[in-house]
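The values are calculated or read from the model by the stated rules, or taken from the named source; none is laboratory data. Just so we're clear, the structure is a prediction, and the values are computed from it rather than from any experiment. Calculation scope for accessible area: heavy atoms of the full protein, side chains included, ligands and nucleic acids excluded. Shrake-Rupley method; radii C 1.70, N 1.55, O 1.52, S 1.80 Å.
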Amino acid sequence: MDIRKEQDAYRNAKPSRLGRGIERLTNPFGKALASVVPNAIVEQAVKAIDSAAGARSLGPIRHDPADLEASRAAALKIERLAKNVNGATGAAAGFGGAISAGMDIPATIAIAMRNIRDTGRAYGYDGAGEAEKLFRLQILELASLNEPEERRQRIEGIERAIGDGGVLKPVEGDASTPMVDAAVERISRALALASFRRRMGMLVPVAGSAVGLMVNRSFQEDVSKAARFAFQARRLKAAAG
């Protein structure tokens, strides 16, 4: 796999087919569905879950992180695990209809944050510090977007955050809190709207199980692709000196 070609392909890619299809189907109902779960609930979940994502990696990291192919292979394993686990939670939530569909959102965010953190570890970044926290939130936001112009702006923001040697540009103490809060607020809006648009089919018990499985797996795939792009960008900059 040519990593640079993969990076260019991601920059120019359209949102996932499932995301676009369900977005078009449920767009007339999106705002009404999003209002079921206020942004504040998603915001609280994102803040709390990022701390929990700091636990040890689910799998051992034995490769050299400077080896991009080995790092990518490890990241793909993390993606498969995240898709399988979140697919199972989505299938289970789909049996219960509207109530359990809403309850599945915190679980989905938790798995996404762990997905991002472990993908970073696969590329040699342990994720400690405010700059790393903000970087993870930028990745989560990018994975949540379907609008092309917003997506392009978030990609540019991620690339601007990467300094020489692949090290993130510092976020000074007093400046970090408002930047993190702003990122969480944007993520909350994106997730509240997109997740409920995508999950509309889960409002029908039993039949919603298949929708929940597909939607969650699709979302974790989007998260994994965004995370690989971001951390590969850092590794490429590190290799360039």
### Query
Of Lys133/Lys225; Lys77/Lys169; Lys5/Lys77, which pairs sit farther than 25 Å apart, going by alpha carbon to alpha carbon?
Lys77/Lys169
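So for Tyr10, Tyr123, what's the accessible-area order with a 1.4 Å probe, most first?
Details: Tyr10 35, Tyr123 0 Å².
These residues rank, largest area first, as Tyr10, Tyr123.
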### Query
Accessible area of Asp8, 1.4 Å probe, to the nearest 10 Å²?
80
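Could you please put Thr89, Thr119 in sequence from largest to smallest accessible area, using a 1.4 Å probe? Each step should come with its number before you reach the end.
Numbers: Thr89 40, Thr119 0 Å².
Order by accessible area, largest first: Thr89, Thr119.
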